[in-house]
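Below is one structure; the comments refer to it alone.
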Amino acid sequence: MDSERERTILIVEDEQSLAALHAHHLQDDYEARVAFTGGEALVELTSDIDLVLLDRRMPGMSGDELLEHIDDWESDCQVIMVTAVDPDLDIIDMPLAGYLTKPVSKEELLTAVEQAFLIDDYEELVSEYYETRKKYATLTAEFSPTEIDDERFDELEGRIDELETEMNEILEQFPDNELRDAFRGIHESE
């Protein structure tokens, strides 16, 4: 999990004053970059972009088209639509971490960004947890407890406990109680 480094957010918004406002809201916790067109955003979309705040309606390349490019590139960044367009069923097929309808308050924006990053962190922990559990299950199926007297095995057991604690700590930070409960339910059912 790489939550120690400052995360970078690309704001793609053709309305310059609104882009500047979003950047101002984010600047205390994140590095905020701005692109005023889809073309500028394509240039800015490098591997160090963690999240894109994307306006849906822009002159030239629309936010929907830019989202297709991001998805085609299999970029590791997440996307939150921040738009005046009311959501419709077409968002079902869009790879989005969130959808905010303008006007968006500072609190709404920060909550959506925070939750997207918490989900990202949680997914990384869950991936490591299941990899670690698979190793543990393989070893315990192969060897009796007396045969596994090894410091590395003890560390493996300790890491499982650490990961469970870290996952629960992240879940407790989720601003959306329903989403937190859904994640917890998925994890506990496995």
Taking the condition touching a helix residue (DSSP H, G or I) at 6+ places or on another chain (Cβ under 9 Å) and under 19 Å from Gly98 (Cα atoms), does Glu74 pass? no
Which residue, of Leu67, Leu10, Leu53, Leu18, is closer than 30 Å to Leu125 by Cα, of a type in the set (A, V, I, L, M, F, W, C) and not in a strand (DSSP E or B)? Leu67
Which of the residues that make up the range 163-176 are open to solvent by less than 90 Å² (accessible area, probe 1.4 Å) and part of a helix (DSSP H, G or I)? Leu163, Glu164, Thr165, Glu166, Met167, Asn168, Ile170, Leu171
Among the residues of the range 133-150, is there at least one that is in contact with a Phe, Trp or Tyr (Cβ under 9 Å, 6 or more places away or on another chain), more than 23 Å from Met81 (Cα to Cα) and open to solvent by less than 50 Å² (accessible area, probe 1.4 Å)? no
Which one is least open to solvent (accessible area, probe 1.4 Å), of the residues in the range 29-50 that are in a strand (DSSP E or B) and hydrophobic (A, V, I, L, M, F, W, C)? Ala35
Quick one: how many residues across the range 49-73 are touching a strand residue (DSSP E or B) at 6+ places or on another chain (Cβ under 8 Å) and acidic (Asp, Glu)? 2
Restricting to the range 95-120, count the residues that are more than 15 Å from the chain's Cα centre (by Cα) and not hydroxyl-bearing (Ser, Thr, Tyr). 7
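Condition check ((1) over 12 Å from Arg56 (Cα atoms); (2) of a type outside the set (A, V, I, L, M); (3) surrounded by fewer than 14 Cβ atoms within 10 Å (Cβ to Cβ)) across all residues:
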{"site": "Ile70", "(1), (2), (3)": "yes, no, no"}
{"site": "Gln78", "(1), (2), (3)": "yes, yes, no"}
{"site": "Asp86", "(1), (2), (3)": "no, yes, yes"}
{"site": "Asp90", "(1), (2), (3)": "yes, yes, yes"}
{"site": "Lys106", "(1), (2), (3)": "yes, yes, yes"}
{"site": "Leu109", "(1), (2), (3)": "yes, no, no"}
{"site": "Phe117", "(1), (2), (3)": "yes, yes, no"}
{"site": "Asp120", "(1), (2), (3)": "yes, yes, no"}
{"site": "Ser127", "(1), (2), (3)": "yes, yes, yes"}
So Ile160, is it under 26 Å from Ser75 (Cα atoms) and either assigned to a helix (DSSP H, G or I) or over 18 Å from the mean Cα position of the chain (by Cα) (or both): no
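The values are calculated or read from the model by the stated rules, or taken from the named source; none is laboratory data. Please read these numbers as outputs of a predicted model, since none were measured by experiment. As a convention, Cβ positions derive from the backbone with ideal geometry for all residues, glycine included, and neighbour counts pool all protein chains shown. Each accessible area value is taken on the protein alone, full model and side chains, heavy atoms only, with ligands, DNA and RNA left out. Shrake-Rupley method; radii C 1.70, N 1.55, O 1.52, S 1.80 Å.
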